[in-house]
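To start, the structure under review is shown below, and the notes come after it.
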Amino acid sequence: MGTVPPPGTKTVASNRQARRDFEILDTVECGIALRGSEVKSLREGKVQIAESHARIIDHEAWIIGLHIAQYSHAGAADGHALVRDRKLLLHRREIDKWRARLQTEHLALVPLSIYFKEGRAKLELGLGRGKRQHDKRQDLAKRDAERETARSMAAARRRE
């Protein structure tokens, strides 16, 4: 299903629905430009990634609709906007390469997970193609068949 995070990382949030709704063709790790209270709130795991999406605007990558809750110990003046556009930190050549693929192949930028790597907040961004309804049904049927074979093999091992 999902990708296994590299060692030394702590996953904060993952977008499981994205892998169900999109066929992920390529992924990239990028940084996120955050404020201090946002980082502290991320460390507490108070983020909702499912409703967000990414765009490339004027040769810059942005994540739109990412909801990071208020930090629990922040004062009234120390807080941040819950939902705002946040800049993604990618090299210009990566942005240009992905922008070309987005335009020619009609793909979408999908945020897959947020995690901390060596103390820095990172976002796994995927290049995805939307799945049709019949593709989703095929995935469900395949998963059910795999579960059934695993059950029957486990039952056979118990009988031995």
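The values are calculated or read from the model by the stated rules, or taken from the named source; none is laboratory data. Source: prediction; values computed, not measured. Cβ atoms come from the backbone with ideal geometry, glycine included; neighbour counts cover every protein chain shown.
Table for the structure above
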read-out: Within the range 56-66, considering residues that are surrounded by 15 or more Cβ atoms within 10 Å (Cβ to Cβ) and at negative phi, the one modelled with the lowest pLDDT; value: LEU66
read-out: Pairs where the first residue, in the range 53-64, is more than 20 Å from SER14 (Cβ to Cβ) and the second is part of a strand (DSSP E or B) and not basic (Lys, Arg), C-beta under 7 Å, 6+ apart; value: ARG55/TRP62; ARG55/ILE64; ARG55/LEU109; TRP62/ALA54; TRP62/LEU88
read-out: Selected residue (criterion: nearest to LEU66 (Cα to Cα)) from residues of the range 7-36 that are surrounded by fewer than 19 Cβ atoms within 10 Å (Cβ to Cβ), basic (Lys, Arg) and within 14 Å of the chain's Cα centre (by Cα); value: ARG16
read-out: Scope the range 34-75; condition among the small types (Gly, Ala, Ser) and under 20 Å from GLY126 (Cβ atoms); matching residues; value: ALA50, SER52, ALA54, ALA61, GLY65
read-out: Given (1) modelled with pLDDT under 85; (2) assigned to a helix (DSSP H, G or I), number of the condition THR3 does not satisfy; value: (2)
read-out: Odd one out for ARG19, checked against (1) free of Cβ contacts under 8 Å to residues at least 60 places away in the same chain; (2) part of a helix (DSSP H, G or I); (3) under 13 Å from VAL110 (Cβ atoms); value: (1)
read-out: Elements of type strands (runs of 3 or more DSSP E) contained in the range 60-126, each with 3 or more residues being not basic (Lys, Arg); value: 60-64, 108-117
read-out: Considering residues of the range 23-55 that are within 20 Å of ARG99 (Cα to Cα) and among the charged types (D, E, K, R) only, the residue modelled with the lowest pLDDT; value: GLU23
read-out: Scope the range 85-120; condition among the aliphatic types (A, V, I, L, M), more than 12 Å from THR27 (Cα to Cα) and surrounded by 19 or more Cβ atoms within 10 Å (Cβ to Cβ); matching residues; value: LEU88, LEU90, LEU107, ILE114
